[in-house]
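Working notes, beginning with the structure itself.
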Amino acid sequence: MTKKKRSKGKKDSSVSKPQKSIPAPKESSVPKPRLEIQSPKDNWLGGVGFAGILILAFMLNFHTLTDSDIFWHLKTGEIIFQTHSVPKQDIYSFTVAGNEWIDAQWIFQLMIYLCYRAWDYAGMIFFGAILSFLIWVLILGPNFSSSRYFFIILIGLISLITVSIRLKLRPELLTFLFIALELFLFNLFHKGKKYPLYLLPILLLAWLNSEGLWPIYFFLLGAFFVEEIIYFSLPGLRKWLKRSSALPIHNSVLSLGIVLLISLPMVLLNPYGFRGAIFPLILLRKITHPESVAKNLIEEFQSPFSTLLPLEMSAYIILMVLSALIFFILILRRRIYLANFFIWATFLYLSLSAVRNLALFGIVSAVLIPKMMRENPLSELFPNPQLINLAKFRWLGGGLMLCVMFWLAWDISTSRFFVRNYSMVKFGIEIGVLPTEYPIRAGEFLKKIFENEKRTKPLKIFADAASAGYIIWLGYPEWKIYFDPRLEVYGEEFLSRFVSAMEQIPVFEQESKRYQFDAVVIGQLIFHPSLIYHLYNHPEWALVYLDGTNVIFLRKTPEFMPLLQKYQIDFSAGFSRPIPEGIGKEWLIDELKNLSAILLTIGQAGSALPNLEEWLKLAPDSQGANYYTGWALHQLRRYKEAKFYLEKTLKMDPDAVPAQLQLAQIYARTGEINRSVEILNRLLEKHPGEITACINLAQIYEMVLKSPEAKAQWLRCFQIYQSDPIRYEPARIEITNALQRLGR
């Protein structure tokens, strides 16, 4: 039936017969704006983006070993393989030997040892990279849709960057895998498949014996179980929240309840029984205690806002805001996921409290957010019809994300990514383990000099925590250590003693006398200059090895005298540095910096200068290279040359305190007293606790200017010392002698 077309602007005066009204079109027949437009180009972009995320996940963990714990894990895996039993008491130390040791990571340790046994370090690196790949397959795969690829790839990429700082070979990787797998099984269950629940107890058994964060299994299971109980108790709530279920609610509650009941007694299925089951709770209570030494000392327990670098921090903030926005929209649209929101909020809180929890939040968000977006129509989530215009830019957005992925892949493959985030690892398996990362050269030296020694008792080694793991791997059972990173074995009190021994000379001497160390191996050299200086000048210790990663001191005993006569370093006879080859410019600079800093600390500027000249060739505008060169020339009394480098340093950073101190001392020695006093006064005005500046100024007042202000200045130094006696202990004798000299 048709209607006559009327002339525009004229009335129809003809009388027409009554006509049937035309029915309004049904709502379903009216086209609605859609944001999920699918085309071959969308399929291609989505597929490439999905593959790109998986490749990046693999690449981010395809690098040289870096975790300080990995080598004692490797040694433990070897022991488990050889003895077919899991250690239950400490076997590595000479200080707490026999203490209870609950090794919750024994399956991980056995796995990495089998990889090492089959393919050396390359096998371990491949294992970690494949784990990372599988984690992101489980995260993105179940919820991926090429019609919504933009949102899913965006969330996946942001989450991957957030998690990247924790992607290294360590037991925690298995927890990431198990979280993703458990959430994947729950996803299948919510789609109406019951069999995934039967796999959960098996998952628990593997998790329980692989990594100490297995209580997360019960947290996730409990969250979904409580959600189903709420829906069962309030039958109308699910409908009001616009949530559907593939299974009858009573079946869901019953199935989850049965799995929970089966899982609870399974926590006893570990080598330690009940003690192993409660171990994570005991450890959690210790770590979360306000006065915990570990919590305040270890970087991974610090706030992310004080430790994250710009790229990771930006990704973390974007992920927080974006995921919170999705939950907020869902709540406004009355599409509330109770369990998902509780899980997400809990891990968000944990991530805000400690940087080590950042990866847990990133993985949970990367699983839950795409899942909820897939289950809800985008027209419901974004009801504004104007948003259809955004669909026009989806290819541009997808293309930009691919460009970011290509850039990241290049950045990672050239190792620039790892240099920029200060992890200082190298991409690939060519090297396996960097000699600048672990005490490889120092350990081989120690092994060589003792290979022909017939010792009846283990060599007792005091080492820093970062070096201890490799020493265990290389030397056990012939070598025993004072302390290593197994905090649960040593306890808070011993950890406090170890930290004090590294930082306070009297405590080190007390421990040395108590345990009679045979050797001292120190890494992270620039963090322990006081201890190295003390040992170098101590009559009971001899420096036998030095590179840019470690120093080794041997105790001067009759037993070791033949070794000392052969290996004690005599700088007057010349010193050749064992620089590794083929490590790359950035790693060579790091080696030269550390080696030069220690040589200057022990007063060997002549030996440091060749290293500094090489560093300046590699990086002529490096602030560190110019500062250390100025310091070395100052020690060598080449004041004019030293001024040039120190003044150049201050042009780069006018507030550099060490350079100002060095320059002030040079001015004082070259007769420019007023300039020296001016610098020192300015330093003390800006940094009232700078005790070196205070002492230098007091010395000028007393020795050079013969000023009556000298006594007041020394008193000021004494007040600074009293504000923190432990920190300023090295200055105590000089200050008290000066005050006695001036008749205080």
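Throughout, read-outs are computed from the coordinates displayed, never taken from laboratory work. Everything quoted here is computed from the prediction, not taken from an experiment. All Cβ positions, even for glycine, are placed from backbone atoms using ideal geometry, and neighbour counts span all protein chains on display.
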- With θ set to phi - 60°, apply the Karplus curve 6.51 cos²θ - 1.76 cosθ + 1.60 along segment 134-142 and write out the HN-Hα couplings as whole Hz, x wherever there is a Gly or Pro. 5, 4, 7, 4, 5, 6, 8, x, x
- Note on the structure: In degrees, nearest 10, the alpha-carbon axis of helix 310-332 is tilted away from the dominant principal axis of the alpha carbons of the chain by 30
- Message: If R₀ is 22 angstrom, what is the calculated FRET efficiency for the pair Glu559 and Glu478, using the beta carbon separation as r and rounding to 0.05?
- Response: 0.90
- Task: State the antiparallel share, in %, of DSSP beta bridges confined to segment 440-569, rounding to the nearest 5.
- Result: 60
- Message: Suppose every Lys and Arg Cβ carries +1 and every Asp and Glu Cβ carries -1, with no other charges. What dipole size does segment 40-413 come out with about its Cα centre, to the nearest 20 debye?
- Response: 1400
- Task: Of the listed pairs Lys75/Lys426; Lys617/Lys640; Lys168/Lys447; Lys88/Lys556, which have alpha-carbon separations greater than 25 Å here?
- Result: Lys168/Lys447; Lys88/Lys556
- Pulled fully out, how much extra length does the chain show between Ala118 and Val704, if you take 0.36 nm times their separation in residues and subtract their Cα-Cα distance? 204.0 nm
- Can you give the FRET efficiency for Ala324 and Ile278, using 1/(1 + (r/R0)^6), R0 = 35 Å, r = Cβ-Cβ distance, to the nearest 0.05? 0.50
- Task: Going by C-beta contacts inside 10 Å, put Asp120, Asp69, Asp518 in order with the fewest on the left.
- Result: Asp120, Asp69, Asp518
- Task: Identify, among Leu697, Ser244, Gly630, the residue whose Cα sits farthest towards the positive end of the charge dipole of the chain, taking +1 on the Cβ of Lys and Arg and -1 on the Cβ of Asp and Glu, with the dipole about the Cα centre.
- Result: Ser244
- Query: So for Tyr639, Tyr515, Tyr316, fewest C-beta neighbours within 10 Å to most, what's the order?
  - Reply: Tyr515, Tyr639, Tyr316
- Query: Which aspartates and glutamates does Lys648 reach when only Cα atoms under 17 Å apart count, and residues fewer than 8 places away in its own chain are ignored?
  - Reply: Glu613, Asp621
- Query: Quick one: which of 565-573, 59-67 comes out on top by average Cβ neighbours within 10 Å, and what's the full order, highest first?
  - Reply: 59-67, 565-573
- Value of Rg/Rh across segment 215-307 [Cα atoms, Kirkwood radius]: 1.15
- Quick one: length gained pulling Leu264 to Thr736 fully straight, 0.36 nm per residue minus the C-alpha distance? 163.5 nm
- Note on the structure: Of all DSSP beta bridges with both partners in the chain, the antiparallel percent, nearest 5, is 60
- Task: Give me the angle, in degrees from 0 to 90, between the Cα long axis of helix 623-635 and the longest principal axis of the Cα atoms of the chain, rounded to the nearest 10.
- Result: 10
- Isotropic mean projected area of the C-alpha convex hull, segment 149-255 (nm²): 8.2
- Task: Using a cut-off of under 15 Å, list every residue of segment 287-325 whose amide N is near the label point 7 Å from the Cα of Glu503 along the Cα-to-beta-carbon line.
- Result: 291-299
- Among Leu446, Leu563, which comes first, second and so on when ranked by fewest other beta-carbon atoms within 10 Å? Leu563, Leu446
- In nanometres, the difference between 0.36 nm per residue of separation and the alpha-carbon distance of Ile726 and Glu492 is 82.3 nm
- Note on the structure: For segment 626-665, listing trypsin sites (Lys or Arg not before Pro) in a DSSP loop whose Cβ sees at most 13 other Cβ atoms within 10 Å gives Arg637
- Classify segment 40-413 as rounded, prolate or oblate, taking a ≥ b ≥ c as the square roots of the eigenvalues of its Cα gyration tensor: rounded when a/c is under 1.5, otherwise prolate if a/b is larger than b/c and oblate if not. oblate
- Item | Percent of Cα pairs exceeding the 18 Å cut-off, where the set is segment 523-637 | 51
- Per DSSP H run of n ≥ 4, the term is -39500 (n - 2.57); total these for the chain, divide by its residue number, and report the mean residue ellipticity at 222 nm rounded to 500 deg cm²/dmol. -19500 deg cm²/dmol
- Item | Farthest positive-ward along segment 440-569 dipole, Cα basis, beta-carbon charges - from Leu474, Gln565, Val507 | Gln565
- Note on the structure: In nm, the gap between the two label points placed 7 Å beyond Cα toward Cβ at Ile229 and Leu400 is 4.6
- Select from Leu683, Asn340, Asn209 the residue farthest towards the positive end of the dipole of the chain; place +1 on Cβ of Lys and Arg, -1 on Cβ of Asp and Glu, and compute about the Cα centre. Asn340
- Message: I need the peptides 102-108, 626-632, 538-544 ranked by packing, meaning the mean over residues of other C-beta atoms within 10 angstrom, with the highest value on top.
- Response: 626-632, 102-108, 538-544
- Mean separation of Cα contacts under 8 Å (at least 6 apart) over the residue count of the chain, i.e. the relative contact order in percent, is 12
- Message: Compute the angle between helix 657-669 and the longest alpha-carbon principal axis of the chain, please, reported from 0 to 90 degrees and rounded to the nearest 10.
- Response: 20
- Task: State to the nearest 20 debye the size of the charge dipole of the chain about its Cα centre, where the only charges are +1 on K and R beta carbons and -1 on D and E beta carbons.
- Result: 4480
- Along its principal axes, what span do the Cα atoms of segment 440-569 show, with the longest given first and each in whole Å? 39, 31, 29
- Note on the structure: Options (i) 123, 73, 50; (ii) 159, 96, 58; (iii) 192, 56, 47 are given for Cα extents along the principal axes in Å, and the computed one is (i)
- Of all alpha-carbon pairs in segment 655-744, indicate the percentage at a distance above 15 angstrom. 55
- Query: Expressed as a rounded percentage, what relative contact order does segment 655-744 have, with Cα pairs under 8 Å and six or more residues apart?
  - Reply: 19
